[in-house]
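One structure below.
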């Protein structure tokens, strides 16, 4: 039975629609796909980037992998061998997958799988995969005061810069995690503190006696966590007697300094007055004139000898 012209037209239309949607028959083109276009892995763990060939006619297609970081491409697999910074750390697995044995933080980048099939009508296809390597936090640097005074405000700090993604910070009070909002927990409803999980800050508006405890901070992300050593924070009562003595001591020092300055001023004034009298001295009536200075000095010596 010879198909009608209408049937042929329908077949052609279906083929065109099929091809326009990317469903090209295997004899006409190479088609790639991947199981995951966005891939996460923990540092030092293996990861496989999948480049699956759905259709192809060429027996020995050219397969290449490129790493794209900061917009700059570099070869990962070229001329049938692993190259670049993945050399000795990866291998090509059938059909065109890349297996990284131990992912490093430097492997975070975009990877492009390219397949060229010269015998196919559609002789080239590529697929892009984003790889992010999670890095476990290192031990955070913690700043915890040894002693604070009741009624004052204080801040505890915690920070680390190695983790990826960026760490979130959690504080512990006598080995019990502090909730982000103290009002959300009956255990801490009477506490007055503010936790910033992004910066690692723990602030007390007004320190109370019950805030005295052993504190430590924990940095967490999807790769793991690390924490600093616990440290005791003491809370002391207000030292009213000490404040009084400090204030009294300050006043006493000020008075002493003022008295010293006043005395020095009086002494200088007295010396100036005496010096002025020596130059303006005039003999009084009935006083003996000893003559010049040498004569008076001589009589003094003579009197001393006698």
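For residue 59 and residue 222, what is the calculated FRET efficiency with R₀ set at 35 Å and r taken between the beta-carbons, to the nearest 0.05?
0.25
Over the Cα atoms of the range 26-134, how large are the radius of gyration and the largest Cα-Cα distance (Dmax), in Å?
Considering the range 26-134 through its Cα atoms, Rg and Dmax are 13.7, 42 Å.
Provide 211, 198 in ascending order of the number of other Cβ atoms located within 10 Å of each residue's Cβ, fewest first.
Ordered from fewest to most neighbouring Cβ atoms within 10 Å, 211, 198 come out as 198, 211.
Packing-wise, with mean Cβ within 10 Å as the measure, how do 50-59, 78-87 rank, highest first?
50-59, 78-87
Each label point is 7 Å from the Cα along the Cα-to-Cβ direction; what then is the distance between the points at residue 234 and residue 78, in nm?
Label at residue 234, label at residue 78, 6.6 nm between them.
Can you put 88, 170 in order, fewest other beta carbons within 10 Å first?
So the ranking, lowest neighbour count to highest, is 88, 170.
Just want to confirm a number: the relative contact order over the range 141-236, from Cα pairs under 8 angstrom separated by 6+ residues, in percent.
Relative CO of the range 141-236 lands at 38 percent.
Take residue 68, project a point 7 Å from its Cα along the Cβ direction, then tell me which residues of the range 128-144 have their backbone nitrogen under 11 Å from it.
Hits in the range 128-144 for residue 68 at 11 Å: 128-130.
Please pull out the direction-averaged projected area of the range 141-236, using the convex hull of its alpha-carbon atoms, in nm² to one decimal place.
That works out to 5.7 nm², a quarter of the Cα hull's surface.
Read the figures in this text as sums done on the coordinates, not as results from a lab. Remember, it's a predicted structure, so these values are computed and weren't measured experimentally. Note that each Cβ is placed from the backbone with ideal geometry, even for glycine, and that neighbours are counted across all protein chains shown.
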